[in-house]
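The values are calculated or read from the model by the stated rules, or taken from the named source; none is laboratory data. Note that the structure is a prediction, hence the values are computed from the model and not measured. With ideal geometry, Cβ positions are generated from the backbone for all residues, glycine too; neighbour counts draw on all protein chains shown. Areas reflect the complete protein model, heavy atoms only, side chains present, ligands, DNA and RNA absent. Shrake-Rupley method; radii C 1.70, N 1.55, O 1.52, S 1.80 Å.
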Amino acid sequence: MKRLLPFFLCLAFLGLTSCREQADTLLSYGQSDDLVYNDAKKSFSAKFDIFWEGMNCNYALWDYEAEYGLDWDRVYDRFMPRFRELDARKDSVTDDEFRELLEELVSPLHDGHLAIQMQNHHTGNYIMVAPASLRNKNRADYTIAQDCVPTISGYVSRREVLDYDACNTRLGAYYFSVDTMQVHDRIAQLEAVSQPTDMEKFLLSELTSFMEEYRVVPNSKTPIEDYNRLCVRYEAYQIPGLKLYDANANENGVRVVYAVFPGNIVYFYLDGFQLSPWIDEGFFATIFPKPSDCVLEFKESVQRVWKKWFLAVQQLHKKGALGGVIIDVRGNGGGYMNDFQYVMGALLSKENYRVGDCRFKNGVGRLDYGSMLPQVIPTLNVDREEITEPVVVLANCRSVSMAEQTTLTAKLMPNGRVIGMKTWGGLCYLHPDPKSYTITYSSIIGEKDVTPVFCYIPVTAFFARDMGILEGIGITPDIEVPLDVDQYHQGVDTQLDRALQYLRTGN
């Protein structure tokens, strides 16, 4: 009976605060089920009802939202009449006005991963809104962080690094590996022939067509398919660098950069936490059961760059010559938690590292939350030493999720510092798999671009060690440095320069 006491207290509390009927069973929100979604296909108010009730049962942060003054019952009372008004309208509801209503609806919510999509059945279009995007787009550094992708190419070209390597497993790496200069030269040679043969005329026509089709691939809605079509279509002409690309490599794409700056400062940048598919052999075999030549090349490249970084850090540390480490997660949208071991986990002791605590939903009631559990992440279990020299994490407005866990770790480490701008504010963990839905009482509502309502919801509430919940807040840097856009376009990174200054001078 004692185990049921919190449940009855919760029901009593809800009964006092609202007379609205609450769900007492877990509906199949996690898949496309007509029992749940059929009415919503032609009704705005039915869509709202699914969203409100689904969030009521699934969302892990209602007590946190209450601290900000959000009353979920009042949200229902305020917005349901407005969605019913849309149903009663005789004229068509435009996508713009529907988006405006959805933005107003979700803007008070604080979870940094949360995304809500509803279909406007008047137009057939799906409208997606995200509270964190609405909140962060008002930041002065939002556009800068979006437009200025971290690059050290200027430092490399000026020979301001001692060592350098990089790779990119996304389509762009393959696309730009095509040697179009050789194609242009061949076209020019054929055009210069005064009396071309039929074969030369045909070849000129084919190569010209290739260049015309090749130029439009980056702006295509289906670039991978279009690129691979070119590979098949023009294979006979042996165009240098033109080879088939594995679409699965793009889904697990990552760009990694390694460098050593003067003073033996070792730098590592990654634009997403997608290292595990390329470094972890078991992970790789699961994702790529029949790897293509393209995938095998990428695997070798990612491992090469990461190993150079790891070995440089370890070897310089053992010699007592390491000037510090820079981990650059600016613009990094997150990814696999397993990647922690390959980045911050390669610098810490070989004991697992506790970044904070987490809490799951354990029932369909709004406040049905489980006990707090330690959030412990594995570190790298290989022969190595803990890095005691200074470690700097570079972060900005577009550092999200695992990038924020990395940033948080630097805040917790005695030898760690964070330089740059405040992060996104989305640290709760995700596991959007419909198979786990009934186990966790959370994760997703519906299917994207399929059901009339779709919600992307974290599976836990995360509490950072010594800092509490940081959703919608983000991690404040120890040294705040805005990126100077003018200098960025001249190949100078003011945030990176500040990190180098700190590691060389201690301030």
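Arrange the residues Asp357, Asp493 by how much accessible surface each exposes, largest first, with a 1.4 angstrom probe. List each step's numbers first, then the result.
Values: Asp357 35, Asp493 5 Å².
Sorted descending by solvent-accessible area, the residues read Asp357, Asp493.
Subtracting the Cα-Cα distance of Thr180 and Arg215 from 0.36 nm times their residue separation leaves 11.6 nm of extension gain. Karplus-based coupling profile of segment 493-504, in residue order and whole Hz: 9, 5, 6, 5, 4, 5, 5, 4, 4, 4, 5, 8, with θ = phi - 60° in 6.51 cos²θ - 1.76 cosθ + 1.60 and x standing for Gly or Pro. Taking every DSSP bridge with both residues inside the chain, close to 65 percent are antiparallel. Sorting Tyr342, Tyr164 by solvent-accessible area of protein heavy atoms yields Tyr164, Tyr342, largest first, with a 1.4 Å probe. For segment 330-478, the ratio of Cα radius of gyration to the globular rule of thumb 2.2 N^0.38 Å stands at 1.11. Per-residue surface analysis assigns Thr505 an accessible area of about 80 Å², computed on protein heavy atoms at 1.4 Å probe radius. Each 10 Å bin, from zero up to the one with the longest distance, holds this percent of the alpha carbon pairs of segment 197-315: 11, 31, 27, 19, 9, 2, 0. Take the residue pairs Lys318/Lys411; Lys308/Lys350; Lys137/Lys448 and return only those whose Cα atoms are more than 26 Å apart. The pairs that break the limit, which is 26 Å between Cα atoms, do not exist here. Just the number, please: carbon plus sulfur as a percent of the accessible area of segment 82-168, 1.4 Å probe, no ligands or DNA/RNA counted. So the carbon and sulfur contribution to the accessible surface is 46 percent. In whole Å, what is the distance between the alpha-carbon centres of segment 100-126 and segment 255-271? Cα centroid of segment 100-126 versus Cα centroid of segment 255-271: 39 Å apart. Computed over the Cα atoms of segment 323-370, the ratio of the radius of gyration to the Kirkwood radius (Rg/Rh) comes to 1.14.
What per residue convex hull volume, in Å³, comes out for segment 267-316 when only alpha-carbon positions are used?
75 Å³
Heavy-atom accessible area for Asp147, with the other protein chains in place and a 1.4 Å probe, reaches approximately 100 Å². The slack between Asn415 and Val193, meaning 0.36 nm per residue of separation minus the straight C-alpha distance, is 73.2 nm. Largest first, the residues Lys299, Lys307 sort by 1.4 Å accessible area into Lys307, Lys299. Only the Cβ atoms of Lys and Arg (+1) and of Asp and Glu (-1) were treated as charged; on that basis the dipole of the chain about its Cα centre amounts to roughly 1000 debye. Stokes-Einstein, applied to the Kirkwood radius of segment 368-409 over Cα pairs at a viscosity of 0.890 mPa s and 25 °C, places its translational diffusion at 181 µm² s⁻¹. Rounded to the nearest 20, the Cβ-based charge dipole of segment 211-298 about its Cα centre (Lys and Arg +1, Asp and Glu -1) stands at 160 debye. In this structure His184 has an accessible area near 80 Å², from a 1.4 Å probe over the protein heavy atoms. Distance from the C-alpha centroid of segment 280-328 to that of segment 363-423: 20 Å, rounded to the whole angstrom. In this structure the chain gives 47 Å² per residue of accessible area when probed at 1.4 Å with all protein chains present.
Counted without the sites themselves, the longest stretch of the chain free of GluC sites (Glu not before Pro) in a DSSP loop having at most 16 other beta carbon atoms within 10 Å is 161-350.
Calculated [222 nm] ellipticity per residue, helices only, for the chain: -12000 deg cm²/dmol; basis is -39500 (n - 2.57) per DSSP H run with n ≥ 4, divided by all residues, nearest 500. Computed from backbone phi with θ = phi - 60° and the Karplus coefficients 6.51, -1.76 and 1.60, the 3J(HN,Hα) list for segment 235-250 is 4, 5, 8, 6, 6, x, x, 7, 8, 4, 10, 8, 4, 5, 5, 6 Hz; x is used for glycine and proline.
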